[in-house]
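Visitor: Got a structure for you, written out below as structure tokens; questions coming shortly.
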Amino acid sequence: MLSNATPTYLTGFGGHFATEAVPGALPQGRNSPQRPAFGLYTEQVSGSAFTAPRHENKRSWLYRMRPTADHRPFTRYAGAPRFTADSATEPLAPNRLRWDPLPAAPEGTDFVDGLVTMVANRDPAHLEGVAVHLYSANRDMERRVFVDADGELLIVPQGGRLDILSELGRLEIGPGQIALVPRGIRFRVRLPEGRATGYLVENYGAPFRLPDLGPIGANGLANPRDFETPVAWFEDRDEPFEVIQKYLGSLWTTTLDHSPLDVVAWHGNLAPWRYDLSRFNTIGTVSFDHPDPSIFTVLTSPSETPGRANVDFVIFPPRWMVGEDTFRPPWFHRNVMSECMGLISGDYDAKAEGFAPGGLSLHNMMSGHGPDVESWRKASEAELKPVKIEGTLAFMVESCWPFRVTAEALGRAQSDYDLAWADFPKAKLP
Ligand code: FE2
């Protein structure tokens with residue numbers, strides 16, 4: 001039965017874990033014994049092709065009370081009407097876009113029904129691309145689970161804690177932490193504080209990994225030991241459970257006569273994890289100029305072109321600014337990569353106002369962007385003593401594929417965002 005005890009975790013990014021919630025449930029020395037303990041069913045979940053190179057091969061073996069294969073046909077799901085990557089049919093103007101936080105969801109809205117898709121690129125069927133959704137929820141998911149066949153899910157809370165009950169264990173996270181649920185793993189979300197808001201990054205492409213460190217060396221940025229994977233946990237509930245599945249961009253539903261969170265033991269390296277962003281070892285200049293923001297990459301999903309990410313997840317955490325003779329905020333910029341930003345807390349150092357926690361912005365391929373007038377003026381005139389940026393946490397979802405914007409998002413965009421860059425004084429030549 002459901003335990004309210006604090007979950008326990010195994011540490012390490014991408015490790016090969018072995019865990020059982022009932023002693024003796026996990027086979028030893030083999031994956032698929034003729035008769036698993038207690039009559040459990042053996043199931044392999046493959047997150048990569050069988051033949052993927054060893055360092056990219058991801059799969060786990062699950063030992064469960066019933067096989068996932070036992071279900072009736074899926075039919076279209078009528079809920080979550082704004083959780084869709086259908087983009088506006090009009091051509092997309094090359095405008096910078098910014099959004100205020102979502103209004104609170106109507107009472108009785110759970111994590112899935114409270115999802116609103118804002119931007120997306122590519123097609124999930126191509127196994128490339130990324131979508132960014134916002135969530136606003138005020139009700140636990142009870143007797144229903146969600147599963148995304150289209151991609152892995154990076155959950156980025158902005159307000160309120162989440163209790164994520166997955167097939168492979170329970171994770172608790174709150175603002176400042178992130179969690180990842182692999183493609184195809186079923187889970188439900190409870191809200192210990194009764195309501196929650198945040199971001200959901202849906203990665204259709206290669207699974208997120210830690211970036212290479214190059215000359216940084218063997219340590220730094222997100223260190224592998226700080227990633228936490230839950231131990232096996234299950235619920236034994238014989239009552240109707242709805243399974244909502246996202247599949248090829250649409251939502252589908254079927255009902256089981258039991259909770260599918262019935263995995264008693266598992267082993268492998270395809271598993272959910274959580275990570276505390278305050279553990280990120282932030283690296284920056286100690287001389288002049290600041291490095292490109294790729295120095296703040298927490299996770300990367302590569303495309304097939306070396307060095308060009310399908311999606312990078314990048315953060316702008318509290319950090320010291322010490323650069324001499326340096327304009328310290330993000331500079332003016334145009335980029336072939338497309339940049340979608342969210343704000344978890346505080347103020348973002350390139351925007352003095354208008355970008356609220358829970359909001360979103362989009363600077364798509366080759367859009368001119370950078371500090372707003374007020375931030376530019378302050379940074380240009382500031383005394384360059386060491387300064388610590390504190391009490392702020394922003395993030396960026398950067399992709400090599402330009403984002404499309406949903407009709408819902410286009411209708412919500414701030415009408416005056418361009419004014420952030422109005423009235424810069426003209427340079428005075430000698
Ligand atoms: Fe940029």
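The values are calculated or read from the model by the stated rules, or taken from the named source; none is laboratory data. Every value quoted in this text rests on a predicted model; they were computed, and no experiment measured them. With ideal geometry, Cβ positions are generated from the backbone for all residues, glycine too; neighbour counts draw on all protein chains shown. Keep in mind that these areas ignore ligands, DNA and RNA; they rest on the heavy atoms of the full protein, side chains included. Shrake-Rupley method; radii C 1.70, N 1.55, O 1.52, S 1.80 Å.
Visitor: If we keep just the residues of the range 366-383 that are buried (at least 20 other Cβ atoms within 10 Å of the Cβ) and of a type outside the set (Gly, Ala, Ser), which is farthest from the chain's Cα centre (by Cα)?
Guide: Here is the first cut: in the range 366-383, the ones buried (at least 20 other Cβ atoms within 10 Å of the Cβ) are 369, 371-372, 375-376.
Cutting the leftovers down to of a type outside the set (Gly, Ala, Ser) gives us 369, 371-372, 376.
Numbers: HIS369: 24, PRO371: 25, ASP372: 27, TRP376: 30 Å.
Among residues in the range 366-383 that are buried (at least 20 other Cβ atoms within 10 Å of the Cβ) and of a type outside the set (Gly, Ala, Ser), the one farthest from the chain's Cα centre (by Cα) is TRP376.
Visitor: Which residues, counting only those in the range 135-175, are closer than 18 Å to ALA394 by Cα and out of contact with any Pro (no Cβ under 8 Å at 6 or more places or on another chain)?
Guide: TYR135, LEU154, ILE155, VAL156
Visitor: Could you tell me whether HIS258 is surrounded by 14 or more Cβ atoms within 10 Å (Cβ to Cβ), of a type outside the set (Ser, Thr, Tyr), in a loop (DSSP other than H, G, I, E, B) and within 16 Å of the ligand (Cβ to nearest atom)?
Guide: Working: surrounded by 14 or more Cβ atoms within 10 Å (Cβ to Cβ): yes; of a type outside the set (Ser, Thr, Tyr): yes; in a loop (DSSP other than H, G, I, E, B): yes; within 16 Å of the ligand (Cβ to nearest atom): no.
Against the criterion (surrounded by 14 or more Cβ atoms within 10 Å (Cβ to Cβ), of a type outside the set (Ser, Thr, Tyr), in a loop (DSSP other than H, G, I, E, B) and within 16 Å of the ligand (Cβ to nearest atom)), HIS258 does not qualify.
Visitor: Just one of the numbered conditions (1) open to solvent by less than 30 Å² (accessible area, probe 1.4 Å); (2) more than 12 Å from the ligand (Cβ to nearest atom) is not true of TRP401; which one?
Guide: (1)
Results for (1) in contact with a strand residue (DSSP E or B) (Cβ under 8 Å, 6 or more places away or on another chain); (2) outside the structural domain of THR253 (by TED's automatic domain parsing); (3) at pLDDT below 95; (4) open to solvent by 50 Å² or more (accessible area, probe 1.4 Å), shown as yes or no for each residue.
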| site | (1), (2), (3), (4) |
| --- | --- |
| TYR77 | yes, no, no, no |
| THR89 | no, no, yes, yes |
| PRO101 | yes, no, no, yes |
| VAL112 | yes, no, no, no |
| LEU127 | no, no, no, yes |
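Visitor: Let me ask another. Could you list, ordered by first residue, the pairs with Cβ atoms under 8 Å in which the first is in the range 287-312 and on the phi > 0 side of the Ramachandran plot and the second is more than 16 Å from the ligand (Cβ to nearest atom) and open to solvent by less than 20 Å² (accessible area, probe 1.4 Å), at least 6 apart or interchain?
Guide: ASP289/GLY323; ASP289/THR326
Visitor: Out of the range 159-170, which residues are without any contact (Cβ under 8 Å) to a residue 60 or more places away in the chain and open to solvent by 10 Å² or more (accessible area, probe 1.4 Å)? So that I can check it myself, show each step before the final result.
Guide: Applying the first criterion (without any contact (Cβ under 8 Å) to a residue 60 or more places away in the chain) to the range 159-170 yields 160-163.
Listed by number, the residues that qualify are GLY160, ARG161.
Visitor: Here's a follow-up. Would the range 40-61 turn up any residue that is loosely packed, with under 10 Cβ neighbours inside 10 Å and either in contact with a Cys (Cβ under 8 Å, 6 or more places away or on another chain) or under 23 Å from ASP257 (Cα atoms) (or both)?
Guide: Just the residues of the range 40-61 that are loosely packed, with under 10 Cβ neighbours inside 10 Å, to begin with: 50-51, 53-55.
Next, from what is left, pick out any that are either in contact with a Cys (Cβ under 8 Å, 6 or more places away or on another chain) or under 23 Å from ASP257 (Cα atoms) (or both): none.
No - not one qualifying residue is present in the range 40-61.
Visitor: Quick check on VAL156: is it buried (at least 24 other Cβ atoms within 10 Å of the Cβ), among the β-branched types (Val, Ile, Thr) and assigned by TED's automatic domain parsing to the domain that holds SER60? Walk me through it before giving the result.
Guide: On the way: buried (at least 24 other Cβ atoms within 10 Å of the Cβ): yes; among the β-branched types (Val, Ile, Thr): yes; assigned by TED's automatic domain parsing to the domain that holds SER60: yes.
So VAL156 fits the description; yes.
Visitor: Just the residues that are away from the ligand (no atom under 16 Å from the Cβ) and either among the aromatic types (Phe, Trp, Tyr) or out of contact with any strand residue (DSSP E or B) (no Cβ under 7 Å at 6 or more places or on another chain) (or both), please, taken from the range 360-390. Show your work before the answer.
Guide: First pass over the range 360-390, keeping only residues away from the ligand (no atom under 16 Å from the Cβ): 373-374, 377-378, 380-390.
Once the filter is applied, which keeps residues that are away from the ligand (no atom under 16 Å from the Cβ) and either among the aromatic types (Phe, Trp, Tyr) or out of contact with any strand residue (DSSP E or B) (no Cβ under 7 Å at 6 or more places or on another chain) (or both), the range 360-390 yields VAL373, GLU374, ARG377, LYS378, SER380, GLU381, ALA382, GLU383, LEU384, LYS385, GLU390.
Visitor: While we're looking at this one, here's another question. Take the conditions in contact with a Gly (Cβ under 7 Å, 6 or more places away or on another chain), within 30 Å of TYR204 (Cα to Cα) and surrounded by 12 or more Cβ atoms within 10 Å (Cβ to Cβ) and apply them to THR406. Does it pass? Break it down into steps so the answer makes sense when it comes.
Guide: Working: in contact with a Gly (Cβ under 7 Å, 6 or more places away or on another chain): no; within 30 Å of TYR204 (Cα to Cα): yes; surrounded by 12 or more Cβ atoms within 10 Å (Cβ to Cβ): yes.
So THR406 does not fit the description; no.
Visitor: So ALA427 clears everything in (1) open to solvent by 70 Å² or more (accessible area, probe 1.4 Å); (2) within 16 Å of the ligand (Cβ to nearest atom); (3) aliphatic (A, V, I, L, M) except one condition, right? Which one?
Guide: Result: ALA427 passes all but (2).
Visitor: So which of SER287, SER294 ends up being modelled with pLDDT of 95 or more, within 16 Å of the ligand (Cβ to nearest atom) and of a type in the set (Gly, Ala, Ser)? I'd like the intermediate steps shown before the answer.
Guide: Numbers: SER287 fails: within 16 Å of the ligand (Cβ to nearest atom).
Testing whether each residue is modelled with pLDDT of 95 or more, within 16 Å of the ligand (Cβ to nearest atom) and of a type in the set (Gly, Ala, Ser) leaves just SER294.
Visitor: Got at least one residue in the range 191-206 being more than 19 Å from GLU398 (Cα to Cα) and surrounded by 22 or more Cβ atoms within 10 Å (Cβ to Cβ)?
Guide: First, pick out the residues of the range 191-206 that are more than 19 Å from GLU398 (Cα to Cα): 191-197.
Still in the list and also surrounded by 22 or more Cβ atoms within 10 Å (Cβ to Cβ): 196.
Checked against the condition, which is being more than 19 Å from GLU398 (Cα to Cα) and surrounded by 22 or more Cβ atoms within 10 Å (Cβ to Cβ), the range 191-206 yields at least one hit.
Visitor: Looking at the range 256-266, can you tell me whether even one residue there is assigned by TED's automatic domain parsing to the domain that holds HIS16 and among the small types (Gly, Ala, Ser)?
Guide: Taking the range 256-266 and keeping what is assigned by TED's automatic domain parsing to the domain that holds HIS16, we get 256-266.
Subset that is among the small types (Gly, Ala, Ser): 259, 265.
Yes, the conditions are met somewhere in the range 256-266.
Per-residue answers, yes or no, for (1) open to solvent by 50 Å² or more (accessible area, probe 1.4 Å); (2) among the acidic types (Asp, Glu):
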residue: SER294; (1), (2): yes, no
residue: VAL298; (1), (2): no, no
residue: ASN335; (1), (2): no, no
residue: LEU343; (1), (2): no, no
residue: ASP347; (1), (2): yes, yes
residue: PHE355; (1), (2): no, no
residue: ASN364; (1), (2): no, no
residue: LYS385; (1), (2): yes, no
residue: LYS388; (1), (2): yes, no
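Visitor: So is PRO175 surrounded by fewer than 23 Cβ atoms within 10 Å (Cβ to Cβ) and not in a loop (DSSP other than H, G, I, E, B) or not?
Guide: No.
Visitor: Return the only residue of ARG144, ARG209 being surrounded by fewer than 24 Cβ atoms within 10 Å (Cβ to Cβ) and more than 23 Å from LEU256 (Cβ to Cβ). Full working, then the answer.
Guide: Details: ARG144 fails: more than 23 Å from LEU256 (Cβ to Cβ).
Among ARG144, ARG209, only ARG209 is surrounded by fewer than 24 Cβ atoms within 10 Å (Cβ to Cβ) and more than 23 Å from LEU256 (Cβ to Cβ).
Visitor: Next question. Can we say VAL336 is more than 16 Å from the ligand (Cβ to nearest atom), within 22 Å of HIS290 (Cα to Cα) and β-branched (Val, Ile, Thr)? Steps first, answer last, please.
Guide: On the way: more than 16 Å from the ligand (Cβ to nearest atom): no; within 22 Å of HIS290 (Cα to Cα): yes; β-branched (Val, Ile, Thr): yes.
No; evaluated as a whole, the condition is false for this residue.
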